[in-house]
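Engineer: What follows is a single structure, and I will ask about it in a moment.
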Amino acid sequence: VRTVEVEGLGIFEANSSGNLHVKVDPLDASLNYKNKGNIHTLFPYAGVITVLEHTSGDPTFGNIVAGGVMSFSSAEPDSWTAYEGRSTVFNGKDAIPYQDELSLTKTTVIAEMYYPTNRDRIVRAFRGQSGYLRSPGCAAIEMACVASGQAAAFICMSQKGHELGAAYRIVKNAGGVVVDWSGKSLEDTPYDFNQKYPVVVAASKAAADWVLDLLNN
């Protein structure tokens, strides 16, 4: 490991000449954690780790070789892990994305509702449709759930790299797709831990096309 970057603490140089760079978001959805009271499952929060492999130049999403998300909000935490070249694992078993009918009444689409412009665009896209358009409030878990079948897609106009890095590898290794709002894969997009990205994380290309058609027409 050459460097470790932790949200809020900055970058630490490791005593190594290796080519791995570790990015950590110790607590995604801190407001959910702060307001949890005695409820453990309704509003989730999680820890996130992203591992990139590169030696020089600016890394891309394609340089992400591993990702992990662990929910801290239940007595038995859920976990998603992915390593380059291996299938994504959800709670000890291979993750299986949603592959059935694409309809809000048949599956869930998760929309990041924090940012007003993001919220307005998504609401317009799905106006008039009954069904399950949700925002639990923890982007890391929301995106990871696309890999394990709880949702067909996740949408955000300005998703932070803190969580998107790990989610990229987790969803891709489960057979899903991660694209920008024009439908372009993030594979060659420069990855920055602190940057925000327009993204659709989807269980399949068909699911991504479904969401993008609604967003862009």
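Engineer: Cβ-Cβ under 9 Å, sequence separation 6+ or interchain: first residue in region 145-167 and farther than 26 Å from Ser103 by Cβ and assigned to a strand (DSSP E or B), partner open to solvent by less than 20 Å² (accessible area, probe 1.4 Å) and aromatic (Phe, Trp, Tyr). Which pairs?
Structural biologist: Final answer for the pair search is Ser158/Tyr197; Lys160/Phe193; Lys160/Tyr197.
Engineer: Among the residues of region 175-216, which ones are small (Gly, Ala, Ser) and surrounded by 20 or more Cβ atoms within 10 Å (Cβ to Cβ)?
Structural biologist: Within region 175-216, Gly176, Ala202, Ala203, Ala207, Ala208 qualify.
Engineer: May I ask you to list pairs of residues, at least six apart or on different chains, whose Cβ atoms are under 6 Å apart, with the first in region 65-76 being over 14 Å from Gly137 (Cβ atoms) and touching a residue at least 12 places away in the same chain (Cβ under 8 Å) and the second being open to solvent by less than 10 Å² (accessible area, probe 1.4 Å) and of a type in the set (Val, Ile, Thr)?
Structural biologist: Matching pairs, first to second residue: Gly67/Thr50; Gly67/Ile170; Val69/Val48.
Engineer: Across region 66-106, what is the total count of residues that are of a type in the set (Ser, Thr, Tyr) and crowded, with 21+ Cβ neighbours inside 10 Å?
Structural biologist: Residues that pass the stated criteria total 5.
Engineer: From the list Lys160, Lys172, pick out the single residue that is open to solvent by 10 Å² or more (accessible area, probe 1.4 Å), more than 8 Å from the chain's Cα centre (by Cα), under 20 Å from Arg121 (Cβ atoms) and among the charged types (D, E, K, R).
Structural biologist: Numbers: Lys172 fails: under 20 Å from Arg121 (Cβ atoms).
Exactly one of Lys160, Lys172 is open to solvent by 10 Å² or more (accessible area, probe 1.4 Å), more than 8 Å from the chain's Cα centre (by Cα), under 20 Å from Arg121 (Cβ atoms) and among the charged types (D, E, K, R), namely Lys160.
The values are calculated or read from the model by the stated rules, or taken from the named source; none is laboratory data. As the structure is a computational prediction, the values presented were derived from the model and not from experiment. Every residue, glycine as well, gets a Cβ built from its backbone with ideal geometry; the counts of neighbours run over all protein chains shown. These area figures cover heavy atoms from the full protein model, side chains too; ligands, DNA and RNA do not enter into them. Shrake-Rupley method; radii C 1.70, N 1.55, O 1.52, S 1.80 Å.
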